[in-house]
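Participant: Pasting in a structure now, in structure tokens, and then I'll have a few things to ask.
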Amino acid sequence: MTTERDDAHRSPVLLPGERLGLALDERCPEFEELLLTPPLHGIRPDGHDWLRRRYAEIVPLVLPAALRAVERGEPVDGDCLAQLRAVAVASAEDPRADVSVVLRGALPAIRVFALVMHTATRDRAVTLEHAGRTMLAMSRAALVAHELGSCWAEAWAQQRRSAGDTAAATTTGEIDLVAHVPGLDETEEQMLALAAQGLSNDQIAKETAYSRQAVAWHLGRLMRSWCAPNRTALVSVGFVRGWIRSRRDARSVDSALRPAIEPAVERPTTRDDAP
């Protein structure tokens, strides 16, 4: 059970939105100097240069807003987050980026903040109240670093995924495959063409509105009929025999063959035609 005397010696709890009183938002130059040469232990060595370049882009952009959020207990400014996402989108085109480095990108910033806080408490006589505020500052800094790192990583990953989807769509458009096989119905031809494009049974099932088991049965029947031990061999047989081709090539072939396969017009027999 606590007493009034205990309450008198307890550090006041700082609620969200209440200033810490550490003047962190006035120490941008000090933090910036440390963050531009961040401690990178724990980060893959081949990602050090990439992460240093990202810090050089990000630190001047987000540091004032980040320190203000820690000092005042407020959310990071929305405009700052929008600019951070824009930088992440631009960085997504760099093929040297590694996801493990991206996910650990906020660690150097947290280490720098911890170093500054530790130095501040070591070099001065620390009261119980100041120690409590320092601990709260570390908690807020960890949350802010997580928010910034997550915001950057999400925008980066989303852009890479969008770029990958666009590339896949472009590729599919260039090699959109169709199958025309004697003895197969339209559904089996569609399944074969989708298998040739690399789709799984689950994906083929969604495209054809058949069950996964039905797709497996149809493709399995084709494998047995064509003596193909697996899907790769099945598709290879289709390409070799000319039963699978790109839709563009198929249209070209149809156009070229159409005049040749039109029924001949009968004409009267003449003396020259007689045996």
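Participant: Could you check how much of the accessible area of the range 38-100 is carbon and sulfur, as a whole percent, using a 1.4 Å probe?
Facilitator: 55 percent
Participant: Related question: With Cβ to Cβ distances under 12 Å as the rule, what net charge do the other residues near GLY149 carry (K, R +1; D, E -1)?
Facilitator: 0
Participant: Mind listing the long-range amide H neighbours of ARG19? Cut-off is under 5 Å, sequence gap 5 or more, other chains count too, H placed in the peptide plane at 1.01 Å from N.
Facilitator: none
Participant: How much of the accessible area of the range 181-242, in percent, comes from carbon and sulfur atoms when a 1.4 Å probe is used?
Facilitator: C and S atoms contribute 51 percent here.
Participant: For HIS118, what accessible area in Å² do you get when you roll a 1.4 Å probe over the heavy atoms of the protein chains, rounding to the nearest 10?
Facilitator: Around 110 Å² of this residue is reachable by solvent.
Participant: Would you work out which of GLY105, LEU81, SER91 lies farthest towards the positive end of the dipole of the range 68-113, given +1 charges on the beta-carbon of Lys and Arg and -1 on that of Asp and Glu, about the Cα centre?
Facilitator: Farthest along the dipole direction, towards plus: GLY105.
Participant: Just flag the GluC sites (Glu not before Pro) in the range 69-154 sitting in loop per DSSP whose Cβ has no more than 16 other Cβ atoms within 10 Å.
Facilitator: Qualifying residues, ordered by number: GLU93.
Participant: Same structure again: I'd like the Karplus ³J(HN,Hα) series for the range 177-187: coefficients 6.51, -1.76, 1.60, θ = phi - 60°, whole numbers in Hz, and an x wherever there's a Gly or Pro.
Facilitator: Residue by residue, the range 177-187 yields 9, 10, 10, 10, 10, x, x, 9, 7, 5, 5 Hz.
Participant: Can you tell me how the range 43-115 classifies by the Cα gyration tensor, rounded, prolate or oblate, using a/c under 1.5 as the rounded cut?
Facilitator: oblate
Participant: In whole Hz, what ³J(HN,Hα) sequence does the range 132-149 give by Karplus (6.51, -1.76, 1.60; θ = phi - 60°), x for Gly and Pro?
Facilitator: Once θ is set to phi - 60°, the couplings for the range 132-149 become x, 5, 5, 5, 5, 4, 5, 4, 5, 4, 5, 5, 5, 4, 5, 4, 5, x Hz.
Participant: Quick check: with the 1.4 Å probe, what order do SER236, SER225 take by accessible area, largest first?
Facilitator: Solvent-accessible surface, decreasing: SER225, SER236.
Participant: With the other protein chains left in place, how much accessible area per residue, in square angstrom, belongs to the range 182-240 at a 1.4 angstrom probe?
Facilitator: It amounts to 57 Å² per residue over the range 182-240.
The values are calculated or read from the model by the stated rules, or taken from the named source; none is laboratory data. Bear in mind the structure is a predicted one, so any value in this text is a computation, not a measurement. Note: ideal-geometry Cβ built from the backbone for every residue, glycine included; neighbour counts use all protein chains shown. All accessible areas refer to the heavy atoms of the entire protein, side chains included, with ligands and DNA or RNA removed. Shrake-Rupley method; radii C 1.70, N 1.55, O 1.52, S 1.80 Å.
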